[in-house]
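Student: My structure is below; once you've seen it, I'll send some questions.
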Amino acid sequence: QVRPVESGGGLVQAGGSLRLSCVVPGRRFTINTMVWYRQAPGKQRELVAGITAGGNTNYADSVKGRFTISRDNAKNTVYLQMNGLKPEDAAVYYCAANEGPERYWGQGTQVTVSS
């Protein structure tokens, strides 16, 4: 089973930055769209940002101008640079990778933002 592996979460003060990474092991050049989602306690999972293999990106309105998604296709890795973090950004962040009709989910990485 393909399982993306996220890293980079942690505790940061409001206004600070974190960089999340997600690698899809064993899948080179076959992964299409890669997406970051997040889920806070008691809330539904929401899309944060996505990026196609060609580099087209989209963002949730709540993170535009603060978060940047990028990817390294040769490494099958997607990054999420998060700047200007707010307490409401605190959540478990999940990486999802599309390969044809399949979607693979990571186990999530916790982001905590102290005010």
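The values are calculated or read from the model by the stated rules, or taken from the named source; none is laboratory data. Given the structure is predicted, the values throughout are model-derived calculations rather than measurements. When we count neighbours, we look across all protein chains shown, and the Cβ atoms used for this are built from the backbone with ideal geometry, even at glycine. When the accessible area is computed, the model is the full protein with side chains, heavy atoms only, and any ligands, DNA or RNA have been set aside. Shrake-Rupley method; radii C 1.70, N 1.55, O 1.52, S 1.80 Å.
Student: Assuming 0.692 mPa s and 37 °C, estimate D for region 1-83 with Stokes-Einstein, Rh taken as the Kirkwood radius over Cα pairs, in µm²/s.
Tutor: 243
Student: If you don't mind, there's one more thing I want to ask. Roughly how many Å² of residue 86 are accessible to a 1.4 Å probe, to the nearest 10?
Tutor: Number for this one is 80 Å².
Student: Same structure, new question: In the calculated pair distance distribution of region 35-115, what percentage of Cα-Cα distances lie above 21 Å? If you can, show how the numbers build up before the last one.
Tutor: Values: 825 of 3240 pairs.
Every Cα pair in region 35-115 considered, those over 21 Å come to 25 percent.
Student: Going highest first, how would you order 67-74, 7-14 by mean Cβ packing within 10 Å?
Tutor: Details: 67-74: 16.0, 7-14: 14.1.
Answer by packing, highest mean first, reads 67-74, 7-14.
Student: Hey, another quick one. Answer with one residue from 115, 37, 24: the one whose Cα lies farthest towards the positive end of the charge dipole of the chain, charges on Cβ with Lys, Arg +1 and Asp, Glu -1.
Tutor: The Cα lying farthest towards the positive end belongs to 24.
Student: Find the relative contact order for the chain and round it to a whole percent, using C-alpha pairs within less than 8 Å whose residues are 6+ positions apart.
Tutor: Details: 289 pairs, mean separation 42.9, N = 115.
Over the chain, the number comes to 37 percent.
Student: Please report, in debye to the nearest 20, how large the charge dipole of the chain is about its Cα centre when each Lys and Arg carries +1 at its beta carbon and each Asp and Glu carries -1 there.
Tutor: Working: 13 positive and 8 negative charges, 25 e Å.
Magnitude of the dipole: close to 120 debye.
Student: Which one of 56, 93, 78 has its Cα pushed farthest toward the positive end of the charge dipole of the chain, where Lys and Arg give +1 and Asp and Glu give -1 at the Cβ?
Tutor: The residue sitting most towards the positive pole is 78.
Student: So, taking all protein chains as they sit and a 1.4 Å probe, how much accessible area belongs to residue 52, in Å² rounded to tens?
Tutor: Spelled out: residue 52, probe radius 1.4 Å, area about 50 Å².
Student: Once the piece of chain linking residue 64 and residue 81 is laid out straight, how much longer is it, given 0.36 nm per residue of separation minus the C-alpha distance between them?
Tutor: Working: separation 17, 0.36 × 17 = 6.12 nm, distance 1.16 nm.
Roughly 5.0 nm would be gained on extension.
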